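Q: Sharing a structure with you now.
The values are calculated or read from the model by the stated rules, or taken from the named source; none is laboratory data. For clarity, every value in this text was computed on a predicted model and none was experimentally measured. As a convention, Cβ positions derive from the backbone with ideal geometry for all residues, glycine included, and neighbour counts pool all protein chains shown.
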Amino acid sequence: MDDALEWTPVNSAEAYGGFIRIESRQYRLPDGRDTRWDVLLGGRTVALVALTEDGRVVLARQFRPGPGTVIDELPGGMVDPGEDIAAAGARELLEETGYAATSVEVVGSSWLAGFSTIRRYAAVARGCRRVADPSQAGDEFSRAVELDIADFVAHVRGGELTDADSAYRCLDSLGLLGA
């Protein structure tokens with residue numbers, strides 16, 4: 001670690017404890033000043049590029065409260081404590097789309113943001129086929145949609161996807177981004 005860049009924790013307190021948990025943290029900066037940051041708390045999430053047996057991409061069409069509109073996004077969600085990342089991805093895929101995969105491979109991860117403790121995992125699901133209706137449980141209502149690869153890449157590049165970093169990571173692992 002570079003000590004000249006290290007912030008020293010001074011104290012913290014929960015600022016908001018609803019669906020999203022936020023903690024207010026005070027740090028001492030390397031120059032001796034104190035600063036306060038709101039930190040988004042959470043565990044792990046997973047988002048999948050789900051490929052059907054004929055090479056189409058399965059997306060979950062659903063209303064998202066942040067953007068305030070219905071969007072087509074990668075299936076995924078929270079990983080339960082102790083749950084395997086790939087198993088969580090398969091569970092979320094089935095819940096949100098009604099599709100089951102023959103395999104799920106985790107291809108990487110990244111932090112949600114510099115002000116967050118949430119680690120986001122990207123996975124590729126292969127051999128996906130529809131086996132049920134989406135679960136429509138709790139406050140999630142979704143519909144499965146399929147896009148061919150070219151339309152999916154255009155969708156990702158169009159900026160209307162909440163997990164674009166995961167989508168790019170998956171597309172790169174599949175060799176579909178070009179040189």
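Q: Could you tell me which numbered condition Arg143 fails, if it satisfies all but one of (1) over 22 Å from Val107 (Cβ atoms); (2) out of contact with any Pro (no Cβ under 8 Å at 6 or more places or on another chain)?
A: The one condition Arg143 does not meet is (2).
Q: Another one. Name the one entry in Thr69, Thr97, Thr52, Thr102 that is in contact (Cβ under 8 Å) with a residue 24 or more places away in the chain, assigned by TED's automatic domain parsing to the domain that holds Arg157, out of contact with any Lys or Arg (no Cβ under 7 Å at 6 or more places or on another chain) and among the hydroxyl-bearing types (Ser, Thr, Tyr). Give the derivation first.
A: Numbers: Thr69 fails: in contact (Cβ under 8 Å) with a residue 24 or more places away in the chain; Thr52 fails: out of contact with any Lys or Arg (no Cβ under 7 Å at 6 or more places or on another chain); Thr102 fails: out of contact with any Lys or Arg (no Cβ under 7 Å at 6 or more places or on another chain).
The match here is Thr97.
Q: Moving to a separate point now. Would you confirm, using the coordinates I've provided, whether Val58 is touching a residue at least 40 places away in the same chain (Cβ under 8 Å), assigned by TED's automatic domain parsing to the domain that holds Ala164, not aromatic (Phe, Trp, Tyr) and not in a loop (DSSP other than H, G, I, E, B)? I'd like the intermediate steps shown before the answer.
A: On the way: touching a residue at least 40 places away in the same chain (Cβ under 8 Å): yes; assigned by TED's automatic domain parsing to the domain that holds Ala164: yes; not aromatic (Phe, Trp, Tyr): yes; not in a loop (DSSP other than H, G, I, E, B): yes.
Taking the combined requirement at face value, the residue satisfies it.
Q: From the residues in the range 76-90 that are assigned to a helix (DSSP H, G or I) and under 14 Å from the mean Cα position of the chain (by Cα), which one is farthest from Arg44 (Cα to Cα)? I'd like the intermediate steps shown before the answer.
A: The first filter runs over the range 76-90 and keeps only residues assigned to a helix (DSSP H, G or I), leaving 85-90.
In the following step, the residues that additionally are under 14 Å from the mean Cα position of the chain (by Cα) were identified as 85-86, 88-90.
Working: Ile85: 8, Ala86: 12, Ala88: 10, Gly89: 11, Ala90: 15 Å.
Here the residue is Ala90.
Q: Is at least one residue of the range 45-61 closer than 20 Å to Val156 by Cα, surrounded by 12 or more Cβ atoms within 10 Å (Cβ to Cβ) and modelled with pLDDT under 95?
A: yes
Q: Which condition number does Asp84 fail, the rest of (1) touching a residue at least 12 places away in the same chain (Cβ under 8 Å); (2) farther than 20 Å from Leu161 by Cα being met?
A: Every condition holds for Asp84 apart from (1).
Q: Among the residues of the range 126-168, what is the count of those that are without any contact (Cβ under 8 Å) to a residue 40 or more places away in the chain and among the aromatic types (Phe, Trp, Tyr)?
A: 1
Q: Return the residues of the range 108-131 that are closer than 20 Å to Val49 by Cβ and part of a loop (DSSP other than H, G, I, E, B); say none if nothing qualifies.
A: Leu112, Ile118, Val131
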